[in-house]
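Undergrad: A single structure is presented below for examination.
Laboratory data are not the source of any read-out in this text; all were calculated from the coordinates shown. Everything quoted here is computed from the prediction, not taken from an experiment. Cβ coordinates were reconstructed from backbone atoms using ideal geometry, including for glycine residues, and neighbour counts include every protein chain displayed.
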Amino acid sequence: MTPAGGPAVRELASQELTTWDGWQRFVDAPDAQPGDVLDEEWGLEERERYHSRFVVLRTPAMDRISLSVRRLLALNRGQQGGARRGLIISGPSTTGKTTAMQQLGRTVEMADRLRHPGVRDRLPVLFVTVPPSSTPKMLISEFARFLGLPLAERMNQVQITNAVCELLCDLGTQLVLVDDVHLMETRSRVGAETSDQLKYLGERIPATFVYSGVNVETSPLLTGVRGAQLAGRFKILRNPPLAYATAEEQAVWHDLLDDMDRALRLRRHVAGTLPRHAAYIHARTGGRIGSLSHLVREAAIAALYDGGERITKKLLAGIELDTAAEQQARPRRRGLV
């Protein structure tokens with residue numbers, strides 16, 4: 001198991017990925033090798049910036065998602081109109097769902113470029129997030145914003161929808177990624193209409209749709225008549241926290257920590273520190289990839305700031321994580337004292 005793309009340092013901000021220009025910068029950004037930790041010219045500021053971005057780790061769930069979407073893309077290419085099959089990535093917060101979607105989209109777009117060299121008037125992948133308290137017009141406006149379509153105030157929902165669908169068809173869009181679908185409160189009239197709008201887009205745009213959200217299978221999104229329709233067209237892949245009970249699960253966790261350990265650029269780092277504290281780190285993070293990334297990145301930056309230039313268990317213990325990780329870890333941490 002290796003970091004996705006190697007120890008990449010990519011100039012990106014996640015909020016920019018919901019625009020065409022931002023998405024292209026994300027896809028185009030080359031994988032960059034970090035500097036030599038012993039190089040005095042690779043100073044504190046550069047190493048702080050490196051550790052703040054750090055590496056993207058591949059998990060077994062990411063591999064399952066990638067394989068499933070590749071199959072759906074092939075399946076849907078032969079679909080002549082009507083509802084295409086889609087995928088829902090579901091799991092608790094901070095388990096890496098959004099990262100998995102973004103890396104998936106980057107892989108699909110790069111493959112499309114290889115098939116169409118030199119052609120730049122294509123948009124194989126579109127990435128949007130569902131706005132809080134979204135209305136159908138707000139949702140389709142997010143699609144238009146990604147595309148950079150100028151929207152006049154007098155344009156209604158139907159006009160915006162037609163403009164978006166026509167352009168995406170012209171651009172050959174194959175994959176539509178929609179994050180935070182759990183924000184659609186389908187028990188309300190507006191939320192239900194927003195869900196209908198997303199379903200309509202799936203029928204108008206000849207692309208594979210992938211949704212991501214927090215615990216979607218227990219959300220209102222899959223209830224009622226609308227939910228039954230969605231469940232009949234989409235399969236769900238769970239992206240749970242990584243477990244640490246069996247030897248196989250422990251091996252996966254150790255591999256991830258080993259990847260992160262080797263990617264650290266601290267001048268007094270002791271190789272193997274993170275895998276050596278694997279059980280403790282799992283108890284702290286609950287196996288959540290987002291919490292793990294936070295813990296190691298902040299610990300590395302703290303080690304730079306205090307001049308110690310190494311990560312220790314004591315340093316890790318002083319890092320406050322997200323509330324979900326802290327609440328889950330609290331009973332276990334008592335037993336580790």
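Undergrad: What translational diffusion coefficient, to the nearest whole µm²/s, does the stretch 60-238 have by Stokes-Einstein, given a Kirkwood radius computed over alpha-carbon pairs, a temperature of 25 °C and 0.890 mPa s viscosity?
TA: Details: Rh = 16.5 Å.
D, rounded to a whole number, is 148 µm²/s.
Undergrad: Right, next: If I model a spin label as a point 7 Å beyond the Cα along the Cα-Cβ vector, how far apart are those points for Arg187 and Ala231 in nm?
TA: Between Arg187 and Ala231, the simple spin-label model gives 1.7 nm.
Undergrad: Compute the helix-to-body angle for 97-115: its Cα long axis versus the longest principal axis of the chain, expressed 0 to 90° and rounded to tens.
TA: With both axes taken from Cα atoms, the answer is about 70 degrees.
Undergrad: Okay, which of the stretch 174-190 sit inside 16 Å, backbone N to the point 7 Å along the Cα-Cβ direction of Met138?
TA: Backbone N within reach: 179-190.
Undergrad: Would you grab the residues whose amide H sits under 5 Å from the one on Ile311? Only those 5+ places off in sequence or on another chain, please, with H modelled 1.01 Å from N.
TA: Result for Ile311 returns Val270.
Undergrad: Let me ask something else about it. Alpha carbon centre of the stretch 274-289 versus the stretch 115-170: separation in Å?
TA: Here the two parts' Cα centres lie 41 Å apart.
Undergrad: Whole angstrom only: what separates the Cα centroid of the stretch 300-317 from the Cα centroid of the stretch 209-265?
TA: 30 Å
Undergrad: Summing Lys, Arg as +1 and Asp, Glu as -1, what charge do residues with Cβ under 15 Å from the Cβ of Thr194 carry, Thr194 excluded?
TA: Values: positive: Lys137, Arg187, Arg189, Lys199, Arg226; negative: Glu142, Asp179, Asp180, Glu185, Glu193, Asp196.
So the environment of Thr194 carries a net charge of -1.
Undergrad: Suppose R0 equals 30 Å. What FRET efficiency, 1/(1 + (r/R0)^6) with r the Cβ-Cβ distance, do Ala83 and Arg115 give to the nearest 0.05?
TA: Working: r = 26 Å, r/R0 = 0.86.
With a Förster radius of 30 Å, E is 0.70.
Undergrad: Report, to the nearest 10°, how far helix 323-336 tilts away from the longest principal axis of the Cα atoms in the chain, using its own Cα long axis and a range of 0 to 90°.
TA: The angle comes out near 30 degrees.
Undergrad: If you don't mind, there's one more thing I want to ask. What ranking do 307-315, 292-300 get when scored by the average of other Cβ atoms within 10 Å per residue, highest first? Numbers along the way, then the final one.
TA: Working: 307-315: 14.8, 292-300: 22.1.
The packing order, highest mean first, is 292-300, 307-315.
Undergrad: Say each of Asn156 and Gln250 gets a label point 7 Å from the Cα, pointing the same way as Cα to Cβ; how far apart are those two points in nm?
TA: Label at Asn156, label at Gln250, 6.5 nm between them.
Undergrad: Need the full-extension length gain, Thr218 to Glu45, defined as separation in residues times 0.36 nm minus the C-alpha distance. One decimal, nm. Don't skip to the answer; put the middle values down first.
TA: On the way: separation 173, 0.36 × 173 = 62.28 nm, distance 4.43 nm.
Residue separation times 0.36 nm, minus the Cα-Cα distance, leaves 57.9 nm.
Undergrad: So, one more: Calculate for the chain the 222 nm mean residue ellipticity that helices alone would give, adding -39,500 (n - 2.57) per DSSP H run of length 4 or more and normalising by residue count, nearest 500 deg cm²/dmol. Numbers along the way, then the final one.
TA: On the way: 14 runs with 173 residues, N = 337.
Per the formula, -16000 deg cm²/dmol.
Undergrad: How much length is gained if the chain between Ser93 and Ser66 is pulled fully straight, taking 0.36 nm per residue apart and subtracting their Cα-Cα distance, in nm to one decimal?
TA: 7.7 nm
Undergrad: Given labels modelled 7 Å from the Cα in the Cβ direction, how far is it in nm from Val270 to Arg204?
TA: The modelled label-to-label distance comes out at 6.1 nm.
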